[in-house]
Amino acid sequence: MRNSGMGQSSSAPFVIRSNDIVFECPKCGKNLVVDQDAEGLTVHCPQCGTEVIVPPKPSAAAAPPTVYHAHTAVPPPPAQMEVQPQITQVQTQYVETAVLHSRLTMLSTQIKELQRQRASLIARMMVHVDEVNRILEQLGGLQGAENETHHEWNHIREKIISAKQTGDGK
């Protein structure tokens, strides 16, 4: 991963090439820049250390490279901006749009993964719900058998008591 240079004290310009992917760290928001060959790979954010999956490159028309100066984290200094204000504005908008597209792609991927996980949990829960229903049916059957056994036990006990009383009374 190339360091975007934003937030550093170096005054060397940083150029975003047409084959770069620009995206934000989902945790700290730092702009990250990698070559398009890194698409789908995991990189570490140099600011917060979070592992970030490099999103696909947005399908935008190629724009001229954007130059950032690390000490200001903005497009070229005022002297150059006076000469090319419109180009600088377009470059800034391109980077902002690329970052937004990249964030949308990342969020879309996260949504799909969350939906997959939710469906998996629901399926696991349904297996357990089915098992609980089977157990409840078995418990119902056992309760019925226990009630019948108690009934028979009481009936036999009454017969024994009755027989004893009849035998004692003779």
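What are the residues in the stretch 31-57 that are modelled with pLDDT of 85 or more and within 12 Å of Arg103 (Cα to Cα), if any? Residues satisfying the conditions are Asn31, Leu32, Val52, Ile53, Val54, Pro55, Pro56.
Of all residues in the stretch 126-135, one or more are of a type in the set (S, T, N, Q) and farther than 30 Å from Val15 by Cβ.
Within the stretch 66-88, the presence of a residue that is modelled with pLDDT of 70 or more and either on the phi < 0 side of the Ramachandran plot or surrounded by 10 or more Cβ atoms within 10 Å (Cβ to Cβ) (or both) is excluded. Among the residues of the stretch 14-40, none is identified as surrounded by fewer than 18 Cβ atoms within 10 Å (Cβ to Cβ), among the aliphatic types (A, V, I, L, M) and within 19 Å of Leu107 (Cβ to Cβ).
The values are calculated or read from the model by the stated rules, or taken from the named source; none is laboratory data. What you see is a predicted model, and the numbers here were worked out from it, not measured in a lab. Heads up, the Cβs are rebuilt from the backbone with ideal geometry, glycines too, and the neighbour counts pull from every protein chain shown.
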